[in-house]
Amino acid sequence: MIARCLAGTVLGFPLAALLLALLLHVLPRHGDAFLIPGLILFFPLWTAFMAGAYLFRSGARAWLVMGGANIVVFSTLWLLRLPA
Amino acid sequence: MKAATIRTFQTVHTWTGLLAGFALFVAFYAGALTVFHDDIAAWQNPPWRVATDSGVSMDALIERLLARHPGARDDFGVVLPRDSSHAAYAYWQDKDGARFATASQMEAPRTDASENELADFIYALHDSLGLPVIGLYLMGIVSVLYGLALVSGILIHLPQLAKDFFAMRVGRNLKRLWQDAHNAIGVISLPFHVIFAVTGALFCLFTITLAALNTVAFDGKLFEAFARATETTPAITLSGTPATMLTTDALMELARAEALKNGVRTFEPDYMHFVHYGDRNAVAEVRGLSQHTLGSYGTVAMSAHDGTVLATYVGDRYSLNGISYASLFGLHFGSFGGRTVQWLYFMLGLAGAFLFYSGNLLWIESRRKRRHVDQPRKTRIMARATIGVCIGTCLAITGAFVATWIAVRMDVDAGLPQRVACYGLFLGACAYACLRPVAKATIELLGITAVATVAMALIDLATNMGAMASSWSPLAWRVIGVDLTGIALGIVFALFARAAARRARDGDANSVWSSRAPTPSAP
């Protein structure tokens with residue numbers, strides 16, 4: 001229970017942030033026109049990850065999957081930001 | 001959903017509720033009163049007790065500001081008086097931080113916007129429990145827990161929700177009654193709670209969250225993008241040529257005309273912001289409150305020299321960013337729909353406070369040992385804490401009203417008496433709830449709160465009668481409104497006290513709430 005709680009809280013935070021950054025990045029003009037609605041979505045998204053983390057079978061699995069998701073989203077964002 | 005998953009969410013709901021419930025009770029009770037912020041300000045300082053400087057015009061205030069603090073001319077604001085018995089004050093940044101002053105305070109400006117205002121103190125209790133800096137972060141964390149409690153609460157009740165929604169099983173099973181009341185209020189006011197969980201977290205944790213997101217995910221470019229998205233003051237360069245400035249009245253008139261052209265029906269200016277005052281390129285920005293729109297606070301930026309409109313963020317002219325940002329405030333404070341919405345927010349705010357109170361009672365009730373006189377230690381502690389904190393908060397806020405009332409009539413600053421009365425009564429109530437038998441403490445604390453609240457309102461009405469009769473002003477309705485609401489709240493406290501007394505007398509003796517001699521348990 002505690003492990004899943006920590007996974008959702010600790011890994012859910014950067015995951016929510018990175019997903020929003022990715023979403024804004026692919027929108028026209030890097031999502032300038034949607035920045036505030038995007039930021040408003042941050043807390044609901046983080047909360048969703050915190051609640052969602054309890055659906056994992058075990059704490060280890062929660063850390064593994066959410067950690068992996070963080071790495072995937074971060075790498076995608078990093079690749080997209082490379083000058084073409 | 002599997003039964004095990006539902007049990008997990010049940011645990012999440014219980015723990016988030018336990019951790020955040022007390023702070024949320026304070027936030028919701030004080031928040032419900034904050035809806036009537038301006039009415040409480042009028043109650044403290046009614047139209048027939050004119051405040052110092054309330055007659056000084058805004059132009060005279062600006063002149064006085066610039067004569068005494070010439071450095072402020074590059075960037076300062078003026079907060080308009082909220083009614084005829086309050087004074088306008090200027091706001092600017094000194095080298096040591098923010099400064100505030102009405103016309104006669106220019107020699108010794110304040111560092112606090114309004115340290116003696118009861119309405120602002122109640123607001124501070126609402127957003128940070130009145131604690132500096134740490135309180136705001138604490139309430140931010142509480143808001144996040146609150147969001148999690150909402151999600152888990154909905155998930156656990158989802159399976160029976162449709163079936164039990166209209167059920168109110170009034171009967172001998174008290175736990176079920178509390179459960180039904182808790183669920184009904186939680187579900188009916190869900191949209192309202194979602195608004196607060198989201199906006200509350202944003203308001204309290206905004207700066208640190210922005211800084212964290214900036215580093216984690218936005219490559220250091222978030223601050224700049226955020227400034228671009230919310231900026232309302234057009235960037236200008238100093239011309240160096242002095243020029244005459246339009247009067248504040250003329251600027252407000254121009255702003256109102258511009259706002260009404262852009263799809264809002266009302267525009268009540270409440271704040272003005274000046275950049276490079278006195279220069280040919282000076283900008284004046286007027287912020288105003290519009291009703292029946294989510295962008296309730298709009299701004300019009302003009303040349304302060306000739307009144308040319310430079311930028312408009314009102315009604316139809318809002319960008320998606322602008323309207324989202326503005327709507328956060330409108331939705332949180334309920335300032336978008338006049339009196340109707342204010343009353344709705346007030347009632348839902350009180351219902352929210354009741355939600356957290358009933359959550360605690362439910363926790364105690366579901367751990368009750370029906371066949372034992374001796375109740376578990378943890379439920380006794382929880383009962384004492386719930387009584388002390390929840391009823392203590394209500395008593396403390398009534399105490400702040402009383403202290404303010406006396407201070408104003410003795411012509412002393414109300415800031416300190418308010419805080420002493422409020423925190424003193426709160427701690428006193430908590431200590432009382434710890435020492436006295438729980439059932440007696442509940443009845444007595446509710447009784448004192450009821451009597452104090454009704455007495456304060458009646459005394460205020462009685463002493464104001466003469467002034468109202470001799471110099472009637474429409475603002476007097478606000479004072480009467482606050483007092484009548486106080487009487488109504490007092491009656492509610494009295495009804496709660498009566499219910500608690502009944503339960504102590506006639507209810508099940510095997511309960512923390514009973515004051516009856518316990519019946520021997522069945523062999």
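The values are calculated or read from the model by the stated rules, or taken from the named source; none is laboratory data. All values reported here derive from a predicted model rather than from experimental measurement. With ideal geometry, Cβ positions are generated from the backbone for all residues, glycine too; neighbour counts draw on all protein chains shown. What goes into the accessible areas is simple: the full protein's heavy atoms, side chains included, and nothing from ligands, DNA or RNA. Shrake-Rupley method; radii C 1.70, N 1.55, O 1.52, S 1.80 Å.
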(request) Could you do me a favour and compute the accessible area per residue for chain A, 1.4 Å probe, result in Å²? (result) 52 Å²
(message) Taking amide H atoms as placed 1.01 Å from N in the peptide plane, list the residues 5 or more away in sequence, or in a different chain, whose amide H sits under 5 Å from that of B:Leu310.
(response) B:Ala301, B:Met302, B:Ser303
(message) At 7 Å along Cα-to-Cβ for each site, give me the label-to-label distance between B:Thr232 and B:Glu268 in nm.
(response) 1.6 nm
(request) Report relative contact order for the stretch B:209-330 in percent, whole number only (criteria: Cα-Cα under 8 Å, sequence separation at least 6). (result) 24 percent
(request) Would you mind working out the accessible area per residue for the stretch B:58-116, using a 1.4 Å probe, and quoting it in Å²? (result) 48 Å²
(request) For n ≥ 4 DSSP H runs only, could you compute -39500 (n - 2.57) per run for chain B, divide by its residues and tell me the 222 nm figure to the nearest 500? (result) -20500 deg cm²/dmol
(request) Quantify how strongly other chains surround peptide A:5-16 by giving the mean number of their Cβ atoms within 10 Å of each of its Cβ atoms. (result) 2
(message) Explain nothing, just the number: relative contact order of chain B, from Cα pairs under 8 Å at least 6 residues apart, as a whole percent.
(response) 16 percent
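Contour minus end-to-end for B:Leu427 and B:Asn281, with contour as 0.36 nm per residue of separation and end-to-end as the Cα-Cα distance?
Details: separation 146, 0.36 × 146 = 52.56 nm, distance 5.51 nm.
That pair, B:Leu427 and B:Asn281, stretches by 47.0 nm at full extension.
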(message) Please list, in order, the residues from the stretch B:412-436 whose amide nitrogen is less than 19 Å from a point placed 7 Å along the Cα→Cβ vector of B:Ser471.
(response) B:412
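I'd like the mean, over residues of A:18-25, of how many other protein chain beta carbons sit within 10 Å of each residue's own Cβ. Kindly include the intermediate steps, with their values, before the conclusion.
On the way: counts 4, 1, 3, 7, 1, 0, 4, 3.
For this peptide, the per-residue mean of nearby foreign Cβ atoms is 3.
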(request) Evaluate E = 1/(1 + (r/R0)^6) for B:Asp38 and A:Ile2, where r is the Cβ-Cβ distance and R0 equals 56 Å; express this FRET efficiency to the nearest 0.05. (result) 0.75
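With r defined as the distance between the Cβ atoms of A:Leu80 and B:Thr244 and R0 fixed at 45 Å, what FRET efficiency is calculated, to the nearest 0.05? Provide the component values of the computation, followed by the final result.
Values: r = 53 Å, r/R0 = 1.17.
Efficiency, rounded to the nearest 0.05: 0.30.
Find, among the chymotrypsin sites (Phe, Trp or Tyr not before Pro) in the stretch B:147-251, those assigned to loop by DSSP (not H, G, I, E, B) with at most 16 other beta-carbon atoms within 10 angstrom.
Numbers: sites: B:Phe165, B:Phe166, B:Trp178, B:Phe192, B:Phe196, B:Phe203, B:Phe206, B:Phe218, B:Phe223, B:Phe226; in loops: B:Phe165, B:Phe166, B:Phe218.
Answer by residue number: B:Phe165, B:Phe166.
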(message) Under 5 Å between amide hydrogens, which residues at least 5 positions from B:Ser296 or on another chain qualify, with H placed 1.01 Å from N in the peptide plane?
(response) B:Gly330
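Roughly how crowded by other chains is peptide A:42-52, in terms of the mean Cβ count from those chains within 10 Å of each of its Cβ atoms? Provide the component values of the computation, followed by the final result.
Details: counts 9, 12, 6, 0, 5, 13, 3, 0, 8, 9, 1.
Partner-chain Cβ atoms within 10 Å, mean over residues of A:42-52: 6.
Within chain A, which whole H helices from DSSP have a Cα span along their axis of at least 18 Å and a mean Kyte-Doolittle hydropathy of 1.6 or more, if any?
Numbers: long enough: A:12-26 (21 Å, 2.25); A:59-81 (33 Å, 1.10).
Span-like helices, by this rule, are A:12-26.
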(message) Taking the Cα centroid of the stretch B:218-241 and of the stretch B:474-492, what is the distance between the two, rounded to the nearest whole Å?
(response) 45 Å
(message) I'd like to verify something in chain B: which complete DSSP H helices, judged by Cα projection on the helix axis, reach 18 Å or more and average at least -0.5 on the Kyte-Doolittle scale?
(response) B:3-34, B:134-164, B:174-188, B:190-216, B:248-261, B:320-333, B:338-366, B:392-409, B:415-435, B:438-470, B:476-506
(request) Round to the nearest 0.05 the FRET efficiency obtained for B:Glu224 and B:Arg380 when R0 = 51 Å and r is the Cβ-Cβ distance. (result) 0.40
(message) Full-extension gain between B:Thr5 and B:Asp94, please, as 0.36 nm times their residue separation minus the C-alpha to C-alpha distance.
(response) 26.5 nm
(message) Out of the total accessible area of the protein assembly as shown (probe 1.4 Å, heavy atoms of protein only), what percent is carbon and sulfur?
(response) 66 percent
(message) Run lengths n ≥ 4 of DSSP H only: what is the helix-derived mean residue ellipticity at 222 nm for chain A, with -39500 (n - 2.57) per run over all residues, to the nearest 500?
(response) -22000 deg cm²/dmol
(request) Choose one of B:Gly349, B:Pro376, B:Leu310: the residue whose Cα lies farthest towards the positive end of the charge dipole of chain B (beta-carbon charges +1 Lys, Arg; -1 Asp, Glu; about the Cα centre). (result) B:Pro376
(message) Given points 7 Å out from each Cα along the Cα-Cβ axis, report the B:Arg367 to B:Val170 separation in nanometres with one decimal.
(response) 3.0 nm
(message) Please compute the contact order of the stretch B:95-202 in relative form: average sequence separation of alpha-carbon pairs under 8 Å and at least six residues apart, divided by the residue count, as a percent.
(response) 22 percent
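Pairs to check: B:Lys163/B:Lys378; B:Lys2/B:Lys175; B:Lys175/B:Lys440; B:Lys163/B:Lys440. Give those whose C-alpha atoms are more than 28 Å from each other in this structure. Please list the in-between numbers first.
Working: B:Lys163/B:Lys378 33 Å; B:Lys2/B:Lys175 25 Å; B:Lys175/B:Lys440 21 Å; B:Lys163/B:Lys440 38 Å.
Where the Cα-Cα span goes over 28 Å, the pairs concerned are B:Lys163/B:Lys378; B:Lys163/B:Lys440.
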(request) Please give, to one decimal in nm, the separation of the simple spin-label points placed at B:Ser319 and B:Leu344, each 7 Å out from Cα toward the Cβ. (result) 3.0 nm
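In Å² (nearest 100), what accessible area is buried between B and A, both sides summed, heavy protein atoms only, 1.4 Å probe? Present the calculation step by step, with values, prior to reporting the outcome.
On the way: alone 25460 and 5660 Å², together 28600 Å².
Roughly 2500 Å².
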